[in-house]
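*Asks:* Here it is, the structure, as structure tokens.
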Amino acid sequence: ISKSPPVEIMEQAFPVLYRHYALREGSAGAGKHRGGFGLAYEVEILRGDARASFVMDHGRFGPQGALGGKDGAVNTVTVFRDGKEHVPPHLSKEQDIALKAGDRVRVGTPGGGGYGDPLARDPELVLRDVRLGYYTAEQAKDMFGAVLDDQSKPNW
């Protein structure tokens, strides 16, 4: 269950700007029934100093798939400061990152594990996922064995 307050509330209550907030492309574990997608978001500190702590699991291994399904994506955190990227080591529940105005934090939450053999997924569902931007055509090929000629019909 997500414990993230709405973006609008966060921007009103704190000097932050959400530059991006969306489903995380490709994060769901492949399977006959794919897993759920994680979130991808990026927050900029507008003024003052701040501290960021993350209570996240799956920093090293994604949520497990079942009965042939693939694991979901792991969580990721990247801090952008003064034109440089910093990726903190594996996050623990005690993580404390100092931030200042202009810093940005990009977070990718884990996706759920898939269920069943990915090659058994209905081709129309794979196509729908690509059309909706959940997976790229390349990911669909790598994960589900689907080759999409023009993204209008699957070519197995």
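*Asks:* What tally of residues in region 27-46 results from selecting those that are outside any loop (DSSP other than H, G, I, E, B) and not charged (D, E, K, R)?
*Replies:* Number of matching residues: 6.
*Asks:* Going by the structure shown, is ALA66 hydrophobic (A, V, I, L, M, F, W, C), under 15 Å from the mean Cα position of the chain (by Cα) and under 26 Å from ALA140 (Cα atoms)?
*Replies:* no
*Asks:* Follow-up question, since we're still on this one. What's the number of the only condition in (1) charged (D, E, K, R); (2) within 30 Å of GLY145 (Cβ to Cβ); (3) in contact with a strand residue (DSSP E or B) (Cβ under 9 Å, 6 or more places away or on another chain) that GLU44 fails to meet?
*Replies:* (2)
*Asks:* Within the set of pairs 6 or more residues apart or between chains, which connect a residue that is within 20 Å of LEU17 (Cβ to Cβ) inside region 83-106 to a residue that is at pLDDT below 85 with Cβ atoms less than 7 Å apart?
*Replies:* If the second residue must be at pLDDT below 85, the pairs left are ILE97/PRO88.
*Asks:* Hey, can you tell me all the residues within region 118-156 that are modelled with pLDDT of 90 or more and among the hydrophobic types (A, V, I, L, M, F, W, C)?
*Replies:* If the condition is that a residue be modelled with pLDDT of 90 or more and among the hydrophobic types (A, V, I, L, M, F, W, C), then LEU119, ALA120, LEU125, VAL126, LEU127, VAL130, LEU132, ALA137, ALA140, MET143, PHE144 are the ones that fit.
*Asks:* Run down VAL7, VAL16, VAL43 and say which single residue is farther than 16 Å from TYR134 by Cβ, β-branched (Val, Ile, Thr) and in contact with a helix residue (DSSP H, G or I) (Cβ under 7 Å, 6 or more places away or on another chain).
*Replies:* VAL16
*Asks:* Please go through (1) closer than 30 Å to LYS141 by Cα; (2) among the small types (Gly, Ala, Ser); (3) out of contact with any Phe, Trp or Tyr (no Cβ under 8 Å at 6 or more places or on another chain) for ALA98 and return the number of the only condition it doesn't satisfy.
*Replies:* (1)
*Asks:* Hey, another quick one. Starting from residues that are farther than 30 Å from ARG121 by Cβ and among the small types (Gly, Ala, Ser), keep the ones in region 1-55 and report whichever is farthest from the chain's Cα centre (by Cα).
*Replies:* If we take residues in region 1-55 being farther than 30 Å from ARG121 by Cβ and among the small types (Gly, Ala, Ser), then GLY48 is farthest from the chain's Cα centre (by Cα).
Listed here are the residues, each with its yes/no results for (1) surrounded by fewer than 12 Cβ atoms within 10 Å (Cβ to Cβ); (2) at pLDDT 95 or above.
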| site | (1), (2) |
| --- | --- |
| MET56 | no, no |
| ARG60 | yes, no |
| GLY68 | no, yes |
| ASP71 | no, yes |
| ASN75 | no, no |
| PHE80 | no, yes |
| GLU85 | yes, yes |
| GLY113 | no, yes |
| GLY116 | no, yes |
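*Asks:* Looking at region 105-138, which of its residues are more than 25 Å from PHE61 (Cα to Cα) and touching a Phe, Trp or Tyr at 6+ places or on another chain (Cβ under 7 Å)?
*Replies:* PRO123
*Asks:* Still on this model: Does region 23-41 contain at least one residue that is of a type outside the set (Val, Ile, Thr), out of contact with any Pro (no Cβ under 9 Å at 6 or more places or on another chain) and without any contact (Cβ under 8 Å) to a residue 60 or more places away in the chain?
*Replies:* No, every residue in region 23-41 fails to be of a type outside the set (Val, Ile, Thr), out of contact with any Pro (no Cβ under 9 Å at 6 or more places or on another chain) and without any contact (Cβ under 8 Å) to a residue 60 or more places away in the chain.
The values are calculated or read from the model by the stated rules, or taken from the named source; none is laboratory data. Predicted model, so just to flag it, every value in this text is computed and none were measured. All Cβ positions, even for glycine, are placed from backbone atoms using ideal geometry, and neighbour counts span all protein chains on display.
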